1. Assuming R0 = 22 Å, what is the FRET efficiency of residue 346 and residue 385, from their Cβ-Cβ distance, to the nearest 0.05?
2. Once the principal axes of the Cα atoms of segment 31-144 are found, what is the range along each, listed largest first in whole angstroms?
3. Dividing the alpha-carbon radius of gyration of the chain by 2.2 N^0.38 Å (N being the number of residues), what value is obtained?
4. Report, in whole Å, the centroid distance computed from the Cα atoms of segment 236-304 and segment 343-398.
5. Would you please give the FRET efficiency between residue 292 and residue 61, computed as 1/(1 + (r/R0)^6) with r the Cβ-Cβ distance and R0 = 45 Å, to the nearest 0.05?
6. As an exercise, use a Förster radius of 51 Å and the Cβ-Cβ distance of residue 372 and residue 301 to find the FRET efficiency, rounded to the nearest 0.05.
7. Treating segment 249-382 as a set of equal point scatterers at the Cα positions, no solvent, please give the Debye-formula log₁₀ I(q)/I(0) at q = 0.09, 0.19 Å⁻¹.
8. So what's the convex hull volume per residue for the Cα atoms of segment 309-367, in Å³?
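Read-outs throughout are calculated quantities, based only on the coordinates presented, and are distinct from any laboratory measurement. Everything numeric here is computed off the predicted structure, so don't read it as measured data. FYI the Cβ positions are ideal-geometry reconstructions off the backbone, even for glycines, and counts take in every protein chain you see.
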Amino acid sequence: MSVRRVAILGSTGSIGVNTLDVIRAHPDRFKVVALTAAKQVDVLADQCAEFHPAIAVVADAAGAARLTKLLLDRKINTEVLYGPQALVSAVTQSDCDTVMAAIVGAAGLVPALAAAKAGKRVLLANKEALVMSGDLFMQAMKVGGGELLPIDSEHNAIFQCLPSRFSKDLNPSLGVEELWLTASGGPFRNTPLEQLASITPEQACAHPNWVMGRKISVDSATMMNKGLEVIEAFWLFGLPLEKIKVLIHPQSLVHSMVRYRDGSVLAQLGQPDMRTPIAYGLAWPERIDAGVAPLSLTQLASLSFAEPELERFPCLSLAFAAAYAGGTAPTVLNAANEIAVAAFLEEGLPYLQIPVVVEKVLNSIASVNAKSLEIILDVDARARQSAQEVVRDALCKH
Ligand code: NAD
Ligand code: MG
């Protein structure tokens with residue numbers, strides 16, 4: 001068995017820490033060669049002390065100076081780099097064969113694309129990267145010749161429920177009729193609509209089933225997360241949008257399903273624990289112990305499914321609209337959402353203003369063909385600026 005050499009983009013986040021947890025249990029299979037974080041220098045220093053990567057990356061020079069000192073004090077021989085370009089170096093210069101793309105948001109796009117182009121096995125958690133650049137990213141994977149394994153639990157489930165020879169070109173003969181993405185409905189699935197106006201960041205981040213980073217937790221509450229996942233599924237599996245459905249499933253045990261022409265529906269079940277899809281991606285096509293408790297079906301009260309209420313989750317409708325519009329509309333959707341969620345978390349933007357900001361920005365920037373990274377990054381920057389202005393207006397009125 002050859003040892004996989006792993007770079008983790010975003011190693012201090014929720015996915016990053018879970019990835020290291022799986023790797024820790026399999027020192028014979030995995031070697032960590034690069035770790036990156038934005039600001040959590042102390043956590044990164046501890047990770048370097050334990051896993052001895054060749055390269056560690058932080059966001060800025062001050063962080064790099066602090067990390068260098070912490071590593072020197074502990075006699076750890078890891079090269080410290082900083083800044084966005086260093087994230088690309090972590091992928092291209094670390095001698096890795098596997099990249100966990102687990103930076104949150106658009107910041108993860110460029111290094112994830114670099115991993116795709118370089119032919120790495122890409123474990124994709126950073127859905128925003130694919131939402132922004134779907135066509136470009138899938139082409140980069142093809143040209144690079146590496147393997148793309150979805151880590152998002154729904155897409156990982158669908159990947160597991162598809163035939164191993166699945167490819168976009170074979171779609172018709174494989175008889176895949178629909179993909180059913182499940183969604184818990186988040187913490188406000190049953191909250192009276194009139195109470196949504198006063199939701200706080202703490203309430204929004206208290207997900208009933210999953211422990212995740214703050215941004216994706218808010219996205220789960222608004223169901224923008226599921227909207228981003230519909231776009232993610234569209235690019236990963238190449239089915240028309242009409243065939244991608246969303247089902248509310250509050251127990252979060254069925255992670256998604258594939259409905260076939262012959263009447264079969266295949267589902268993947270498991271605990272709501274990201275170490276399962278992470279272990280699957282790391283060891284594919286083998287399976288390894290993920291440290292996850294076994295699922296007991298006899299201890300479950302029930303599994304239930306329902307249609308999402310669109311009135312409660314306007315972000316889901318906005319994401320479908322952007323998906324159907326195509327081109328750079330998903331990039332605009334994602335950028336506006338990132339700004340609105342950050343303003344909700346840090347500046348007191350009311351919860352119900354998140355979809356309002358996203359809709360205004362979507363309506364103000366025309367979609368163009370997303371054919372190059374330059375175009376995508378330019379649209380992303382313009383959408384962010386526009387969203388900042390809309391947020392400022394909303395905060396003034398509030
Ligand atoms: P998180 O906020 O916990 O961690 C994010 C990581 O990215 C951290 O290591 C942080 O230092 C780094 N980072 C943030 N901004 C950065 C920047 N500008 N430059 C460089 N690094 C930066 O997020 P998370 O919950 O681990 O999610 C990571 C990604 O995985 C997201 O795209 C999310 O949608 C996706 N995902 C997460 C889960 C989950 O259970 N947490 C499930 C499915 C998909
Ligand atoms: Mg998911």
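1. Working: r = 18 Å, r/R0 = 0.80.
Calculated transfer efficiency: 0.80.
2. That gives 45, 24, 19 Å along the principal axes, largest extent first.
3. Values: Rg = 20.5 Å, N = 398, 2.2 N^0.38 = 21.4 Å.
In units of the 2.2 N^0.38 Å rule of thumb, it is 0.96.
4. 33 Å
5. Details: r = 39 Å, r/R0 = 0.88.
Efficiency computed from Cβ-Cβ geometry: 0.70.
6. On the way: r = 51 Å, r/R0 = 1.00.
Between residue 372 and residue 301 the formula returns 0.50.
7. Normalising to I(0) and taking log10 leaves -0.45, -1.08.
8. Working: hull volume 3.8 nm³, N = 59.
Per-residue hull volume (Cα only) is 65 Å³.
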